[in-house]
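Peer 1: What follows is a structure written as structure tokens; I'll ask about it next.
The values are calculated or read from the model by the stated rules, or taken from the named source; none is laboratory data. No experiment lies behind these values; they were computed from the predicted model shown. Neighbour counts are summed over all protein chains in view; Cβ atoms, including those assigned to glycine, are modelled from backbone coordinates with ideal geometry.
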């Protein structure tokens with residue numbers, strides 16, 4: 001019989017491993033890197049094999065631990081060999097075959113790995129749709145070049161092939177999709193390098209698509225007059241959508257909180273906490289590019305209370321807005337499909353609203369976030385408070401909203417105070 005349990009180890013900070021034991025044979029699997037948040041030893045309950053409720057991301061981490069251990073528990077039930085043999089068998093079953101996969105098979109392997117990552121509410125982290133779209137583009141390219149895509153191995157990819165794909169996209173598709181094709185191909189090559197199929201350095205000189213650097217990119221914002229006009233705009237003269245008022249309140253919610261649309265959709269009433277006697281939204285941003293958690297703390301004013309009260313009756317499962325619910329999460333066929341569908345329709349609606357507001361640029365949901373951050377900073381709110389509130393770095397705040405000038409208001413106060 002194989003005994004399986006978690007245990008802490010080491011003396012430097014919190015570290016956790018899964019212990020598998022049988023007849024003097026022991027195997028350890030370190031799971032520390034899978035955990036989220038700044039965890040301390042006091043957060044771990046060895047008897048219950050779970051994190052206590054006060055632990056950062058306790059629900060998410062506990063769910064991950066249960067799911068991770070369950071694979072080994074199920075395998076151990078009917079396993080008659082050694083511990084090391086069982087682990088080797090599991091690794092063989094979960095890792096790609098040593099035999100080179102086709103490009104299409106490798107893309108499917110990557111998609112399967114992405115689908116294993118979940119948020120606490122069960123929704124997927126990241127998106128696999130662009131990998132499938134890239135798969136279709138590669139099929140079209142190979143058909144045009146008379147290459148048998150079904151037999152094209154991942155090991156056969158080279159810099160010339162990648163550049164030929166880019167040239168085909170530019171010529172046959174007039175550049176449509178160049179950004180995601182370049183991004184996904186680069187990601188596939190990095191993953192293939194990690195699995196030992198390719199060498200990433202062989203692709204360094206490919207004609208990868210490059211976006212403008214954030215420091216030189218200008219973000220559009222609304223004026224105070226346009227914001228006031230938006231709150232009183234006669235929406236029936238612009239759109240016949242039954243969601244007019246929901247769209248407006250949702251955008252105002254972003255304007256007051258400064259959050260991204262996907263974060264606002266995922267907010268729940270359970271995210272409301274009291275800080276200094278004032279209600280705040282306290283949560284972690286749904287950022288997947290960051291390895292660490294990105295916490296936010298946003299004070300709630302009377303206008304936010306009004307918006308929440310208006311939609312509470314229609315919202316389900318504790319969400320602030322009637323956009324996401326457990327049933328949608330169970331039935332949707334794509335990662336975060338409900339979020340993408342809502343934001344897509346909302347951005348189309350905002351194009352019409354933008355014209356009515358006299359915007360010289362395409363109005364979209366992120367305009368409200370940029371407007372909020374710019375407005376709060378211009379009113380003298382310290383950059384460090386804004387960055388904590390919005391879940392972004394001080395460096396980004398200064399680059400994007402201060403044009404690399406730094407927090408001038410706070411700096412001038414410090415200079416004035418430098419008198420003893």
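Peer 1: So residue 19 passes all but one of these: (1) surrounded by 12 or more Cβ atoms within 10 Å (Cβ to Cβ); (2) free of Cβ contacts under 8 Å to residues at least 40 places away in the same chain; (3) closer than 20 Å to residue 294 by Cα. Which condition number does it fail?
Peer 2: Only one criterion in (1) surrounded by 12 or more Cβ atoms within 10 Å (Cβ to Cβ); (2) free of Cβ contacts under 8 Å to residues at least 40 places away in the same chain; (3) closer than 20 Å to residue 294 by Cα is unmet by residue 19, namely (3).
Peer 1: Considering 101, 35, which residue is in contact with a strand residue (DSSP E or B) (Cβ under 8 Å, 6 or more places away or on another chain), closer than 30 Å to residue 188 by Cα and touching a residue at least 60 places away in the same chain (Cβ under 8 Å)?
Peer 2: 101
Peer 1: Surrounded by fewer than 12 Cβ atoms within 10 Å (Cβ to Cβ), more than 22 Å from residue 155 (Cα to Cα) and either modelled with pLDDT under 95 or outside the structural domain of residue 308 (by TED's automatic domain parsing) (or both): is that true of residue 238 in this structure?
Peer 2: Values: surrounded by fewer than 12 Cβ atoms within 10 Å (Cβ to Cβ): no; more than 22 Å from residue 155 (Cα to Cα): yes; either modelled with pLDDT under 95 or outside the structural domain of residue 308 (by TED's automatic domain parsing) (or both): yes.
So residue 238 fails the test.
Peer 1: Residue check, residue 307 against (1) at pLDDT 95 or above; (2) not in a helix (DSSP H, G or I), all met but one. Which one?
Peer 2: Status for residue 307: all satisfied but (2).
Peer 1: Looking only at the stretch 14-39, count how many residues are more than 25 Å from the chain's Cα centre (by Cα) and farther than 28 Å from residue 85 by Cβ.
Peer 2: Residues that pass the stated criteria total 1.
Peer 1: Additional query: Here is a check on your reading of the model: is residue 336 surrounded by 15 or more Cβ atoms within 10 Å (Cβ to Cβ) and at pLDDT below 85? Write out each step before concluding.
Peer 2: Numbers: surrounded by 15 or more Cβ atoms within 10 Å (Cβ to Cβ): yes; at pLDDT below 85: yes.
Yes, satisfied.
One line per residue, one yes/no per condition, for (1) assigned to a helix (DSSP H, G or I); (2) in the same structural domain as residue 116 (by TED's automatic domain parsing); (3) over 21 Å from residue 116 (Cβ atoms):
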site	(1), (2), (3)
18	no, no, no
21	no, no, yes
26	no, no, yes
36	no, no, no
66	yes, no, no
73	yes, no, no
80	no, no, yes
